[in-house]
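What follows is a single structure, written as structure tokens, with notes after it.
The values are calculated or read from the model by the stated rules, or taken from the named source; none is laboratory data. Remember, predicted model here, so these are calculated numbers, not experimental data. Note that we place each Cβ from the backbone using ideal geometry, even for glycine, and neighbour counts take in every protein chain shown.
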Amino acid sequence: MNRINKTGRWICALLAAVMMVATCAEPTQAVTGYSSIAWVDNLDFADINGSGTPIKMVYTMEKDGSFLATSYAFNQEKLHTGDTIYIRDWNYTCSGKTYYGVIYKGRLMYVNKKYINEKHLVAVNQPKSAVEKKVVKKTIVGDLSEQNNWFYIYSKPKEQPVNCYGVLPVGETLEILKKDYNSEWTQIKWQNRICYIKKENVSYADSYLAGAGRGCMMNIKLAKKAKLTYSGILKNYDKGLTEKEFYKLAALWCKATGNTVYKAASVGTWDNEKVTRDSAISQFYRAYQVVTKDYLISGLEFTVSPADNKDLYFDIWGTQGENLYLEKCSGGKEQNFYMNCNNGFWRLRGCYGNYTICSSTRDVYQDFVGFDNQKLTIETNDDGSVSFKNKDGLYLDLIKGAVLHSHLKFAPKSDSSTQKFVIHYN
């Protein structure tokens, strides 16, 4: 029994430790310096939130305009004459100016009132009430492998701007009223109204994810594939996790990671129901990643050493444009990093200033998130070390070798150990 408790406590501590890791917030201040590298057109999954509430007005731009710099690189995005925009809210004020809340690429952006001719605003057609309609199924919208997508829903089954009533991010739960409204449309319930969405945008293969938090969905899907879940846990995701459910997940985790599974003699009191099912499954999968070969995991802090000298660590100061270099262990934030994964690419981010590492054939540096040269692929070598490859096929390399204060650059692939690194999770 003591061994059972020890195993349970260890897994619980691991789960709690993973869940307590806070991912640093994305910077929201205006960008003051720009790289010559093009901005990535679409960015983080978490930044795409849809409209949230119904769209009220539709407008065709009569002159060029721009957005208030509130979301990553979108202060560089421009509105052009003839563009159709969807207005969710109005009368936001900032520095004495009035802005409209506009849904653009799945995000809430802000457009100065001076760019909009209010006389030509067109009210969106209102849908019917859905009070008397019965929901026949729940599923999700879109394909989770395309995490930067968003989808329009309409008040009428006609794809016209005046019918655009809302925008849903990929993974949003759909309440289906009539799967086959006609050959092109599915009827859904949204905001207690009857709305319509293109049938091609509805995913039934992942319907078991309906109701889960969008931030947990991909991990739940991967956990299911890794046999870390069971049928009874893949529903009612907002329910607090029970002790019995925890032990079931822990047993599956032990089995999947090659550890011995011990059967608990009894289930005692449990006061940890603040942990929801979706969050628990997601964090068990993250813990599973840590102990398998492909141990890279989003959000967890770590340090990085060259494979040739594990006494030196990546180090970078907390200001924009600083270069990455090797330093002795300090235990400080300037040597802590974490990763975000999006659409198959990783981004390496410093914890000190929350900037993102940018590849360069000279000195590797850090900048605001959103540049193409921040996309990385991580390759695991036979000796357990990793190599960082950028989108151009170049590899992170040590300019002067694994010596104190050596800087880094991206170079063609070689057999040199200067392109091999070791990740140490904190």
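Here is a check on your reading of the model: is Tyr285 part of a loop (DSSP other than H, G, I, E, B), of a type in the set (Phe, Trp, Tyr) and at pLDDT below 90?
Here the answer is no, as Tyr285 does not meet what is asked.
Of the residues Lys248, Lys274, Lys224, Lys239, only one is at pLDDT 95 or above, more than 30 Å from Tyr154 (Cβ to Cβ), not assigned by TED's automatic domain parsing to the domain that holds Asn149 and not aromatic (Phe, Trp, Tyr); which?
None of the others qualify; the one that does is Lys224.
Could you tell me which of the residues Thr98, Thr84, Thr139 is farther than 25 Å from Arg193 by Cβ and in contact with a strand residue (DSSP E or B) (Cβ under 9 Å, 6 or more places away or on another chain)?
Of the residues listed, the single one that is farther than 25 Å from Arg193 by Cβ and in contact with a strand residue (DSSP E or B) (Cβ under 9 Å, 6 or more places away or on another chain) is Thr98.
Filter the stretch 399-422 for residues that are among the basic types (Lys, Arg) and either farther than 23 Å from Gly321 by Cα or crowded, with 20+ Cβ neighbours inside 10 Å (or both) and give the result.
Those that are among the basic types (Lys, Arg) and either farther than 23 Å from Gly321 by Cα or crowded, with 20+ Cβ neighbours inside 10 Å (or both): Lys413, Lys420.
Taking the options Tyr181, Tyr208, Tyr196, name whichever one is out of contact with any Pro (no Cβ under 8 Å at 6 or more places or on another chain) and modelled with pLDDT of 95 or more.
Result of the check over Tyr181, Tyr208, Tyr196: Tyr208.
Conditions (1) modelled with pLDDT under 90; (2) over 16 Å from the mean Cα position of the chain (by Cα); (3) buried (at least 20 other Cβ atoms within 10 Å of the Cβ), marked per residue:
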{"position": "Gly344", "(1), (2), (3)": "yes, no, no"}
{"position": "Leu348", "(1), (2), (3)": "no, no, yes"}
{"position": "Val364", "(1), (2), (3)": "no, yes, yes"}
{"position": "Phe368", "(1), (2), (3)": "yes, yes, yes"}
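Kindly provide the set of residues from the stretch 122-151 that are surrounded by fewer than 15 Cβ atoms within 10 Å (Cβ to Cβ) and within 17 Å of Tyr165 (Cα to Cα), ordered by number.
Result: Val122, Ala123, Gln126, Lys128, Ser129.
Could you check how many residues of the stretch 370-398 are crowded, with 16+ Cβ neighbours inside 10 Å and part of a loop (DSSP other than H, G, I, E, B)?
4
For the stretch 219-244, what are the residues that are in a helix (DSSP H, G or I), out of contact with any Asp or Glu (no Cβ under 7 Å at 6 or more places or on another chain) and crowded, with 21+ Cβ neighbours inside 10 Å?
Asn219, Ala223, listed by residue number.
Looking at (1) surrounded by fewer than 18 Cβ atoms within 10 Å (Cβ to Cβ); (2) modelled with pLDDT of 95 or more, which is the only condition Thr53 fails?
Every listed condition holds for Thr53 apart from (2).
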